[in-house]
Amino acid sequence: MAHGRHAVSRANCVATVRGSAGRDRRSKGPAQPSRDPVDAPVRRERRLQAPPERAACPFCGGAPQLAVLRADADANGGGRALVCATCSTTWLVGRIRCAHCGEEDEGRLGYFHTRDFDHLRVDACDTCRHYLKTVDLTRLGLAVPLVDEVASGALDIWAQERGYTKVTPNLIGL
């Protein structure tokens, strides 16, 4: 411990840490890594909503990797959220909307489903010819969206054979 004017006792040191949820927490001693699940980089659950004209992450501007459907009664868009491919932030969007170009005409939007992946579907847009996979947690609540998105490469191949391009390729390039 240093002596003199600049000596500081650990017991008297108070650090203010701002969590990602925007609330201040006071702690005694040196700042410690957060144990708050809101601050965990893989599980960022932010209640952000992108502006209607953009299909980009409201936090970092990245493109979505996949969509998730939840039985969330108070959510806008019937519980549909997009997950950012860059920072894993989740934000709410309308259920009938292309994640790439913002198309909202139901006649130009479709989804494709197979019994092999009962909790997954391909959401496709005939306007921009892009698609995004959606994990339906109302069908399989224990699904891990990022893992299931990678494990369902057969759906990517199916969509690409029909002329659709994925909004953002996943870890294995599909």
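The values are calculated or read from the model by the stated rules, or taken from the named source; none is laboratory data. All figures in this text were calculated on a predicted structure; none of them were measured in a lab. Note that each Cβ is placed from the backbone with ideal geometry, even for glycine, and that neighbours are counted across all protein chains shown.
Based on this model, can you work out whether Asp105 counts as in the same structural domain as Ala55 (by TED's automatic domain parsing), under 27 Å from Gly61 (Cβ atoms) and surrounded by 14 or more Cβ atoms within 10 Å (Cβ to Cβ)? If you could, list the steps in order and put the result at the bottom.
Numbers: in the same structural domain as Ala55 (by TED's automatic domain parsing): yes; under 27 Å from Gly61 (Cβ atoms): yes; surrounded by 14 or more Cβ atoms within 10 Å (Cβ to Cβ): no.
No; evaluated as a whole, the condition is false for this residue.
Among residues belonging to region 128-143 that are farther than 19 Å from Thr114 by Cβ and surrounded by fewer than 15 Cβ atoms within 10 Å (Cβ to Cβ), point out the one that is modelled with the lowest pLDDT.
So the residue we want is Gly141.
Considering (1) in a helix (DSSP H, G or I); (2) surrounded by 15 or more Cβ atoms within 10 Å (Cβ to Cβ); (3) out of contact with any Pro (no Cβ under 9 Å at 6 or more places or on another chain), say which one Asp156 fails and leave the rest.
The failed condition is (3).
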